[in-house]
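Please read the structure below before turning to the comments.
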Amino acid sequence: MAAVCNTEFYPAKKFQRSQRALNRKETLNMDISEFKRNAHELVEYIAKYYEEIEKYPVKSPVAPNEILSRLPTSAPGRSESFDAIMKDFNDIIMPGMTHWQHPSFFGYFPANGSLPSLLGEMLTAAMGAQCMSWATSPAASELEERVMEWLRDMTGLPSNFTGVIEDTASTSTLTSILTAREKFSNYNINESGFSRGENIQFTAYCSSECHSSIEKAVKIAGLGKDNLRKIGVDKNFAADAAMLETAIKKDIFDGKKPLIVVAGIGTTGSTAVDPLEKIGEICQKYNIWLHVDAAYAGTAMLLPELRHMIKGVEMADTLVFNPHKWMFTNFDCSAYFVKDREALIRTFEILPEYLKTPEKERVNNYRDWGVQLGRRFRALKLWFVIRSFGTEGLREKVRSHINLAQYFADRLSKNGNFEILAPHPFALVCFRYKPAGVTGEEKINAINEKVMNDLNKTGKLFLSHTKLNGNFAIRFCCSQTNVEKRHIDAAADLIIAECAKQ
């Protein structure tokens with residue numbers, strides 16, 4: 001049965017000027033005056049959305065295919081008015097949206113935004129620049145260069161790292177693996193492919209808790225899934241360095257070539273921190289490329305008191321973290337740092353005649369720094385965020401989120417019926433309901449899965465899950481931009497009450 005949405009959350013009156021406007025059939029060309037009128041109304045609509053976002057159900061209540069069934073099967077032949085489009089946006093699209101900017105969005109890692117970031121994104125969209133090279137928009141290339149220097153210095157990364165903005169950490173990790181592949185094959189694979197004559201069998205390494213994008217990148221890069229070694233973890237779900245070295249030695253003995261290790265700083269399941277310094281020393285000992293995946297937790301590098309987690313980062317070849325996860329910059333914006341920029345460029349540079357420009361040796365042409373040729377002006381929104389918050393404002397916000405996570409964990413621990421399943425150094429808490437007298441892991445897992453699903457159905461919050469040591473773990477990530485203590489209290493109260501019903 002299709003879910004019923006409360007239409008008071010989706011007011012459409014503002015965009016219903018007249019029935020005639022909704023039924024217009026003549027061809028329309030939006031002129032500047034009409035654009036200004038519509039844009040002003042849209043800004044008011046967006047502002048009202050943010051003002052009233054807590055009235056919305058966090059997770060969409062619609063049933064599968066419910067939205068699809070309400071969309072026409074063919075595109076309109078004639079122009080339709082902005083009013084008609086917005087009416088359908090309210091009536092059809094909004095009820096099917098999960099509200100990631102809601103302060104009670106505690107699922108996954110956030111895709112955070114902020115109002116300054118949104119303003120920067122509006123300007124990016126308005127100019128519509130394709131920023132593939134310096135010549136196509138000099139300001140875009142030079143702002144990206146400077147903003148990435150700011151970000152490097154703000155987070156305590158080594159000064160010999162150079163940054164570029166990619167779309168996601170998945171792309172950044174793929175870029176790192178491809179660069180390692182080329183550098184360690186003397187760039188022959190780009191030229192001739194994997195040659196049976198050379199018989200190179202590269203191997204890659206990450207912990208069993210690392211992100212699925214690593215396995216995907218290994219497959220895309222041609223290394224093969226069978227050559228990815230998923231290393232066991234310790235009691236804190238961090239990679240076991242001794243097990244890593246054992247796996248490397250075995251591969252060398254078997255005639256394989258260890259290529260790359262991916263160390264996780266804040267793994268997806270539980271935000272575990274791999275022992276970077278030990279892993280770095282192993283990589284240097286065996287001449288292996290080291291990539292650091294700090295997609296979510298890398299923002300915590302803003303805090304000097306947490307930089308111990310990246311001790312040894314000077315031994316890394318590349319590092320990625322996503323400002324669009326915890327640095328209040330709307331999706332997408334992935335900060336990728338490299339030590340050997342020449343290896344990166346040599347891996348990706350292709351220079352047909354139509355891309356040649358006279359400034360090549362004096363500027364950064366970021367089209368040669370990754371997979372994409374076409375590039376959006378992502379640096380602009382990041383510039384807006386850094387300048388609007390300031391480094392101290394960013395640090396204050398991140399610290400507050402970490403404190404809220406600790407507060408949430410303390411509340412559950414004091415209840416006595418909950419178990420915290422992993423350390424929580426950042427703003428993610430993994431927990432489960434474990435009432436006295438209930439035994440059997442399968443039964444406890446089933447109870448927790450039901451609890452999470454029932455909580456999400458309320459629309460009052462959104463949670464996600466993982467499995468840790470086979471235990472169903474509910475993930476509570478409180479790093480949404482505008483989350484406050486009152487949201488944490490409301491969530492804890494609701495969780496405790498729902499569990500009491502089981």
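One residue is enough: does region 113-122 have a residue meeting the conditions within 24 Å of residue 393 (Cα to Cα) and either in contact with a Cys (Cβ under 7 Å, 6 or more places away or on another chain) or not in a helix (DSSP H, G or I) (or both)?
Here is the first cut: in region 113-122, the residues within 24 Å of residue 393 (Cα to Cα) are 113-122.
Now narrow it down to the ones that are either in contact with a Cys (Cβ under 7 Å, 6 or more places away or on another chain) or not in a helix (DSSP H, G or I) (or both): 113-114.
Checked region 113-122: at least one residue is within 24 Å of residue 393 (Cα to Cα) and either in contact with a Cys (Cβ under 7 Å, 6 or more places away or on another chain) or not in a helix (DSSP H, G or I) (or both).
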Can you tell me which residue in region 301-330 is farthest from residue 176 (Cα to Cα), limited to those that are in contact with a Lys or Arg (Cβ under 8 Å, 6 or more places away or on another chain) and without any contact (Cβ under 8 Å) to a residue 60 or more places away in the chain?
312
Residue set 54, 41, 80; condition farther than 25 Å from residue 120 by Cβ, surrounded by 11 or more Cβ atoms within 10 Å (Cβ to Cβ) and either modelled with pLDDT of 90 or more or not aromatic (Phe, Trp, Tyr) (or both); output residue 80
What's the number of the condition residue 249 fails, among (1) part of a loop (DSSP other than H, G, I, E, B); (2) surrounded by fewer than 22 Cβ atoms within 10 Å (Cβ to Cβ)?
(1)
Given (1) part of a helix (DSSP H, G or I); (2) more than 20 Å from residue 209 (Cβ to Cβ); (3) of a type in the set (Asp, Glu), identify the lone condition not met by residue 332.
(1)
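Within 29 Å of residue 374 (Cα to Cα), in contact with a Gly (Cβ under 8 Å, 6 or more places away or on another chain), surrounded by fewer than 16 Cβ atoms within 10 Å (Cβ to Cβ) and not acidic (Asp, Glu): is that true of residue 101 in this structure? Break it down into steps so the answer makes sense when it comes.
Working: within 29 Å of residue 374 (Cα to Cα): yes; in contact with a Gly (Cβ under 8 Å, 6 or more places away or on another chain): yes; surrounded by fewer than 16 Cβ atoms within 10 Å (Cβ to Cβ): no; not acidic (Asp, Glu): yes.
Taking the combined requirement at face value, the residue does not satisfy it.
Kindly provide the set of residues from region 445-464 that are touching a Gly at 6+ places or on another chain (Cβ under 9 Å) and surrounded by fewer than 21 Cβ atoms within 10 Å (Cβ to Cβ), ordered by number.
Of region 445-464, the ones touching a Gly at 6+ places or on another chain (Cβ under 9 Å) are 445, 456, 461-464.
Within region 445-464, 445, 456, 464 meet the criteria.
Yes/no per residue for (1) aromatic (Phe, Trp, Tyr); (2) in a helix (DSSP H, G or I); (3) within 19 Å of residue 348 (Cβ to Cβ); (4) within 22 Å of the chain's Cα centre (by Cα):
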position: 190; (1), (2), (3), (4): no, yes, yes, no
position: 195; (1), (2), (3), (4): no, no, no, no
position: 203; (1), (2), (3), (4): no, no, no, no
position: 210; (1), (2), (3), (4): no, no, no, yes
position: 214; (1), (2), (3), (4): no, yes, no, yes
position: 223; (1), (2), (3), (4): no, no, yes, no
position: 226; (1), (2), (3), (4): no, yes, no, no
position: 229; (1), (2), (3), (4): no, no, no, no
position: 236; (1), (2), (3), (4): no, no, no, no
Within the set of pairs 6+ apart or on separate chains, which have a first residue in region 484-502 that is under 14 Å from residue 462 (Cα atoms), a second that is modelled with pLDDT of 95 or more and basic (Lys, Arg), and C-beta atoms under 7 Å apart?
492/411; 494/460
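Mind checking whether some residue in region 248-260 is touching a helix residue (DSSP H, G or I) at 6+ places or on another chain (Cβ under 6 Å), of a type in the set (Lys, Arg) and over 30 Å from residue 106 (Cβ atoms)? Write out each step before concluding.
The first filter runs over region 248-260 and keeps only residues touching a helix residue (DSSP H, G or I) at 6+ places or on another chain (Cβ under 6 Å), leaving 248, 258-260.
From what's left, of a type in the set (Lys, Arg): none.
No, there is no match, as no residue in region 248-260 is touching a helix residue (DSSP H, G or I) at 6+ places or on another chain (Cβ under 6 Å), of a type in the set (Lys, Arg) and over 30 Å from residue 106 (Cβ atoms).
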Which of the residues that make up region 139-168 are of a type outside the set (D, E, K, R), surrounded by fewer than 17 Cβ atoms within 10 Å (Cβ to Cβ) and either assigned to a strand (DSSP E or B) or without any contact (Cβ under 8 Å) to a residue 40 or more places away in the chain (or both)?
139, 159
Would you please list the contacts, defined by Cβ atoms under 9 Å and residues six or more apart or on different chains, that run from a residue in region 217-238 that is touching a residue at least 24 places away in the same chain (Cβ under 8 Å) and on the phi > 0 side of the Ramachandran plot to a residue that is loosely packed, with under 14 Cβ neighbours inside 10 Å and not in a helix (DSSP H, G or I)?
222/193; 237/469
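Is it true that some residue in region 419-426 is farther than 16 Å from residue 499 by Cα and aromatic (Phe, Trp, Tyr)?
First, the residues of region 419-426 that are farther than 16 Å from residue 499 by Cα: 421-426.
Pick out the ones that are also aromatic (Phe, Trp, Tyr) and you get 426.
Checking region 419-426: at least one residue is farther than 16 Å from residue 499 by Cα and aromatic (Phe, Trp, Tyr).
The values are calculated or read from the model by the stated rules, or taken from the named source; none is laboratory data. Computed from a predicted structure; not experimentally measured. Note that we place each Cβ from the backbone using ideal geometry, even for glycine, and neighbour counts take in every protein chain shown.
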